[in-house]
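Student: What follows is a structure written as structure tokens; I'll ask about it next.
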Amino acid sequence: MEEAAVRGPGHPPARPAHAVSHPQRVLIVEDEPALLRALRINLRARGYEVMTAKTGRAALTEAARRPPDAVLLDLGLPDVDGVGVIGELRTWSRAPVIVLSGRTGSGDKIGALDAGANDYVTKPFDIEELLARLRAALRRDDPVGAEDIRLGPWRIDLVAYRATRNGDESQTARLTPTEWRLLEILLRHPGQLVPAGRLLTAVWGPGYEKNTNYLRFHMAKLRRKLEEDPSRPVYLLTEPGMGYRYQPGRAH
């Protein structure tokens, strides 16, 4: 079954083929068990952190809970069409999406690309070619260095989970795990509105989408620690009735 969709060496190299300072997170959305397993094995062997989902709704929940760096997405999912998943993702995520599909018609390709996909790979495919496309997509989508994000005078390191003022190790902001989770989601989507429901699902899990008081409480704490004037935030903004936004500004 695996050979039907993936053509490539049976034993991928044990070491990553690319050098990164931290594992890049890839979400695989595929309902064919053999193909899902083959992709998971190949990506993990190359040093990626892998998440998986077999339905569109599960994929959206996973992406909200732990935002991926890239998505490999089958269009023919059992619950919703993959194009709908792309459209929903694009309301809050800029992670590159590579479509994996047996549909070869130009209309399917155009529809997926117009919805926000970055690339379209038809099945069966060569695993090395897919990995090359994934590496290229990740390079193009790295405008924010995860190890060094600036929020006003603060240097935010999302790998070490450290916030230092003007790079001074003696001046650090002490954030709770919940505050770090909220901040990471916002910083990974600079300038984009992140809906309140997505933040609540990502941090607290399904069923908390309407508990907006949680967000107000923890966002207020984040502003007190990171904004110069918490009553007039410049970087961590509220979009009334919708959600929150990280607005990049001039580094101090």
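Every number in this text was worked out from the coordinates using simple rules, so none of it is lab data. Computed from a prediction, not measured in an experiment: that's the story for all the values here. All Cβ positions, glycine included, derive from the backbone under ideal geometry; neighbour counts span all protein chains shown.
Student: What is the extension gain from ILE41 to SER106, computed as 0.36 nm multiplied by their sequence separation minus the C-alpha to C-alpha distance, in nm to one decimal? Display every interim value, and only then the final one.
Tutor: Working: separation 65, 0.36 × 65 = 23.40 nm, distance 3.05 nm.
Length gained, ILE41 through SER106: 20.3 nm.
Student: Specify the angular offset, from 0 to 90 degrees and rounded to the nearest 10, of the alpha carbon long axis of helix 106-115 from the longest principal axis of the alpha carbons in the chain.
Tutor: Helix 106-115 sits roughly 10 degrees off the main axis of the chain.
Student: Less than 24 Å apart at the alpha-carbon level, and either on another chain or at least 8 residues along: which lysines does that give for LYS109?
Tutor: Of all the lysines, those that pass the test against LYS109 - Cα under 24 Å, at least 8 places apart if same chain - are LYS54, LYS123.
Student: Another question, then. Stokes-Einstein diffusion coefficient for segment 149-246 at 37 °C in a medium of 0.692 mPa s, Rh from the Kirkwood formula over Cα pairs: what value in µm²/s?
Tutor: Working: Rh = 13.6 Å.
Calculated translational D: 241 µm²/s.
Student: Note the angle between two axes, namely the Cα long axis of helix 56-65 and the longest principal axis of the Cα atoms of the chain, as a number of degrees from 0 to 90, rounded to the nearest 10.
Tutor: So the helix axis and the longest Cα principal axis differ by about 30 degrees.
Student: Calculate for the chain the 222 nm mean residue ellipticity that helices alone would give, adding -39,500 (n - 2.57) per DSSP H run of length 4 or more and normalising by residue count, nearest 500 deg cm²/dmol.
Tutor: Working: 9 runs with 94 residues, N = 252.
Computed mean residue ellipticity for the chain: -11000 deg cm²/dmol.
Student: I've got another one for you. Considering the convex hull of the alpha carbon atoms of the chain, report its projected area averaged over all viewing directions, in nm², one decimal.
Tutor: That works out to 14.2 nm², a quarter of the Cα hull's surface.
Student: Mind checking which of LEU199, ILE98, LEU72 is farthest towards the positive end of the chain's charge dipole, using Cβ charges of +1 (Lys, Arg) and -1 (Asp, Glu) about the Cα centre?
Tutor: Positive-most Cα among the choices belongs to LEU199.
Student: I've got another one for you. If you fit an axis through the alpha-carbon atoms of helix 127-140 and take the longest principal axis of the Cα set of the chain, what angle between them do you get, 0 to 90°, nearest 10?
Tutor: On a 0 to 90 degree scale, this one is about 20.
Student: Treat the count of other C-beta atoms within 10 Å as a stand-in for reagent exposure and order PHE217, PHE125 from fewest to most. Display every interim value, and only then the final one.
Tutor: Working: PHE217 11, PHE125 16.
Arranged by neighbour count, lowest to highest, PHE217, PHE125 become PHE217, PHE125.
Student: Just the C-alpha atoms of segment 22-85: what Rg/Rh do they give, with Rh taken as the Kirkwood radius? All intermediate terms of the calculation are to be shown ahead of the outcome.
Tutor: Numbers: Rg = 11.1 Å, Rh = 11.6 Å.
A ratio of 0.95.
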